[in-house]
Amino acid sequence: MARDARVLVLLLLIVVPRPAAAYIDPGTGSLVIQALIAGLVTASVIFRRAFGRVFGGILRLFGRRQPPPPGRT
Amino acid sequence: MSERREPSSYRDPAGFLFFRDGVLLRHVAPAGAADYDALLSSGLYEALALEGLLVPHEEVEPPEGHEDAHRVLRPRVIPFVSYPYEWTFGERRDAGLLTLSVQRRALERGLSLKDASAYNVQFLDGRPVFIDTLSFERYPEGRPWVAYRQFCEHFLAPLALEATGDHRLGRLFSSFPDGVPLDLASRLLPFRTKLRPGLALHLHLHSWGQGRYSSGPARPSPTVSKGRLLDLVADLEACLAGLRLPRRTSTWSDYYAGTNYSPEALESKKEFVRAALGEVRPSVVWDLGANTGLFSRLASEAGAFTVAMDGDPLASEGHYRDVVGRGERRVLPLVVDLSSPSPSLGWDGRERRSLFERGPADLALALALVHHLAIGANVPLGSIASSWARMAEWLVVEFVPKSDSQVQRMLRSREDVFPGYTADGFEAAFGREFEVCRRAGVAGSERSLYLLRRRSPA
């Protein structure tokens, strides 16, 4: 698991030699793991959207109508 | 002419707060000039101020001694400065959600919050407002959010501990006034929180990553796109919004529903308090032991800004929900243990002011409270009187005699070492600090109410 996480971190990091200057200490470890966490969050957003589309498509396939969007009668 | 610097305003080289002849002003230093100008030119300041998310200010002429300032600002004054360790769960959560809203709007306009301290939020007109105009910086595309860890330590960690551990863990904030360390939060949180995606990522994985990557050779800063940062902010918002205190009652949160107050006694107390408020016409009231705010509401209806303090987090949280539900703008519920009022904290012992330093109020309400301090906490009556004389010029106080069932209950399992706890003893002790302006019995009980005025200035 630790190795997987390391590989993920490396994949997600596009190394740019630019320090994250801040007047508070952002924490080196926190910055590194933020890249991983932000990546995982975005991946879950994409997954949920895709799942919503697939699930919506299956419902349509079986003739279950989606409720009309608000404002249309 | 008098000038003093606000003791808590020293961290950020972009500027500082100071008081000039009692007026609060903000010095924008040359180091903060470009970011301040970007805040204005991007339209972010105007948008946030219009929505009531950021405290409004006006630019004023730099006073003598501040000629080097890029700008000098006069922000709208906050009537009572409260601290995160005094907030209820709901106040802390709303303050966190406000910080995230501000960060989202900032990112959308090419800026970002460079800190996410809970002390950057205050309560104004019944809702949280961001007060640090210099917390914004221009956002270079690809940079991670430098305040992510601070946000998690100041908001997410204490909220998660309260919601999933114990509601009293909010008090941990006073032991860690600069935020609850993530490794401590991760260790204290129940195992089931590792199965909640938001808490698993932002607290447990975050804490692990901090330990894993904080040592070793210096690393270049990773890149996080703006889109991902917006997703991160949205995820934190969902995580905070999903945290709720378990439905639980405490000794005090159901006090008025379950006490021995008859409707007649309650009405007679209300009448006395209304009359006192009408007579004194206070601008600021402190309701000590406010419970769920029955009497704070009377003070607010009389036009006073009321700080409602109670040591029970659930009672104060119930009060806050009621205040929000009614759109009440003049009552601020806080969690304050009145047997140990908030001390001064932080650097030099002056960064966060004690409760006494934030007073005095015009009038304090202390209803059904004396016996809890005198008998429950063994505080001598004279000491209670001198302490409250430092809190307010006027005092409405209720004396509950030993014959009352509430006091009997307190004495049931302990020795009565309070021979001086009598109506005469009470009047003698309080008479040294206050003069009695009015006295009345509470109908249908042996309790007494007093309207007192301090004898000498504090």
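The apolar share of the surface of region B:292-402, taken as the fraction of accessible area on carbon and sulfur atoms (1.4 Å probe, ligands and nucleic acids excluded), comes to 47 percent.
Calculated on C-alpha atoms, the gyration radius of the protein assembly as shown divided by its Kirkwood radius gives an Rg/Rh of 1.03. If R0 is 45 Å, the Cβ-Cβ spacing of B:Ser175 and A:Leu59 corresponds to a FRET efficiency of close to 0.30. Considering only B:Pro401, B:Val324, B:Met391, the residue lying farthest towards the positive end of the dipole of region B:311-438 is B:Val324, judged by Cα position with unit charges set on Cβ. Taking one equal scatterer on every alpha-carbon of region B:223-372, how large is log10 of I(q)/I(0) by Debye at q = 0.14, 0.19 1/Å? Calculated log10 I(q)/I(0) at the listed q: -0.79, -1.20.
Stretched out straight at 0.36 nm per residue, the stretch from B:Ser344 to B:Phe191 would grow longer than its current Cα-Cα span by 51.6 nm. The mean count of C-beta atoms from other chains within 10 Å of the C-beta of residues in B:187-195, rounded to a whole number, is 0. Only protein heavy atoms count here, probed at 1.4 Å, and on that basis chains B and A bury about 3100 Å² of accessible area in total.
The packing ranking, built from the mean of other Cβ atoms within 10 Å per residue, places the peptides B:322-329, A:55-62 in the order B:322-329, A:55-62, highest first.
The orientation-averaged shadow of the Cα convex hull for region B:1-145, equal to a quarter of the hull surface, comes to 8.8 nm².
Ranking B:Leu451, B:Leu159, B:Phe18 by Cα position along the charge dipole of the protein assembly as shown, where only Lys, Arg, Asp and Glu carry charges on their C-beta atoms, puts B:Leu159 farthest toward the positive end. Straight-line cross-link partners of B:Lys270 among the aspartates and glutamates, defined as a Cα under 18 Å from its Cα and at least 8 positions apart when in the same chain: B:Glu279, B:Asp287, B:Glu301, B:Glu398, B:Glu446. Protection proxy ranking, highest mean first, for peptides B:418-429, B:403-414: B:418-429, B:403-414, where packing is the per-residue count of other beta-carbon atoms within 10 Å, averaged.
Each Lys and Arg Cβ is given +1 and each Asp and Glu Cβ -1; about its Cα centre, region B:1-158 then shows a dipole of about 500 debye. The mean number of partner chain beta-carbon atoms within 10 angstrom of a residue's beta-carbon across peptide B:205-212 is 6. Among B:Pro263, A:Gly52, B:Leu240, whose Cα sits farthest toward the positive end of the charge dipole of the protein assembly as shown (+1 at Cβ of Lys/Arg, -1 at Cβ of Asp/Glu, about the Cα centre)? Of the options given, the answer is A:Gly52.
Between the amide H of B:Asp287 and those of B:Val307, B:Ala308, B:Met309, B:Leu365, distances stay under 5 Å, these residues lying 5 or more places away or on another chain, with hydrogens modeled in the peptide plane. The figure for B:Tyr139 is an accessible area of roughly 30 square angstrom, using a 1.4 Å probe on the protein chains alone. Computed from point charges on the beta carbon alone (+1 for Lys and Arg, -1 for Asp and Glu), the dipole magnitude for the protein assembly as shown about its Cα centre is near 2380 Debye. With a 1.4 Å probe rolled over the protein heavy atoms of all chains, the accessible area of B:Val417, B:Val284, A:Val32 falls in the order B:Val417, B:Val284, A:Val32, largest first.
Among B:Trp347, B:Trp145, the sequence by solvent-accessible area, most first, with a 1.4 Å probe is B:Trp347, B:Trp145. Most tightly packed first, judged by the mean number of other beta-carbon atoms within 10 Å of their residues, the peptides B:94-105, B:179-190 read B:94-105, B:179-190.
The overall shape of chain B, judged from the alpha-carbon gyration tensor, is prolate: a/c is not under 1.5, and a/b is greater than b/c.
Angle check, please: helix B:381-391 long axis (alpha carbons) against the longest principal axis of chain B (alpha carbons), in degrees 0 to 90, nearest 10. Once rounded, the angle reads 40 degrees. Surface listing: B:Lys194, B:Lys114 arranged by accessible area from highest to lowest gives B:Lys194, B:Lys114, probe 1.4 Å.
Separation of region B:146-179 and region B:120-135, taken as the distance between their Cα centroids, equals 19 angstrom.
Between A:Ala43 and B:Arg412, the simple spin-label model (points 7 angstrom out along Cα→Cβ) gives 5.8 nm. Accessible surface computed residue by residue for region B:295-338, with neighbouring protein chains in place and a 1.4 Å probe, gives 32 Å² per residue. Rounded to whole numbers, the Karplus 3J(HN,Hα) couplings from phi for region B:300-317 are 5, 5, 7, x, 8, 6, 10, 9, 9, 10, 8, x, 8, x, 6, 5, 5, 5 Hz, using 6.51 cos²θ - 1.76 cosθ + 1.60 with θ = phi - 60°, and x at Gly and Pro. Solvent-accessible area of region B:79-125 (1.4 angstrom probe, protein heavy atoms only): carbon and sulfur portion equals 39 percent. In the context of the full set of protein chains, region B:409-450 has a per residue accessible area of 59 Å² (1.4 Å probe).
Taking a ≥ b ≥ c as the square roots of the eigenvalues of the Cα gyration tensor of region B:316-401, is the shape rounded (a/c under 1.5), prolate (a/b larger than b/c) or oblate? It comes out oblate by the Cα gyration axes. Remark: the Cα gyration tensor places region B:34-107 in the oblate category, a/c being 1.5 or greater and a/b not exceeding b/c.
Every helix of 4 or more DSSP H residues in chain B counts as -39500 (n - 2.57), and over all residues that averages to -10000 deg cm²/dmol at 222 nm. Calculated FRET efficiency, B:Glu264 to B:Ile78, Cβ-Cβ distance, R0 = 51 Å: about 0.80 to the nearest 0.05. Computed extension gain for B:Asp68 through B:Arg390, at 0.36 nm per residue and net of the alpha carbon distance, reaches 111.9 nm.
Charged side chains reduced to their Cβ positions (Lys and Arg at +1, Asp and Glu at -1) give region B:288-370 a dipole of some 220 debye around its Cα centre.
The values are calculated or read from the model by the stated rules, or taken from the named source; none is laboratory data. Only a predicted model underlies this, so the values are computations on that prediction, with no experimental measurement involved. When we count neighbours, we look across all protein chains shown, and the Cβ atoms used for this are built from the backbone with ideal geometry, even at glycine. Surface accessibility is based on the protein's heavy atoms, side chains included, excluding ligands, DNA and RNA. Shrake-Rupley method; radii C 1.70, N 1.55, O 1.52, S 1.80 Å.
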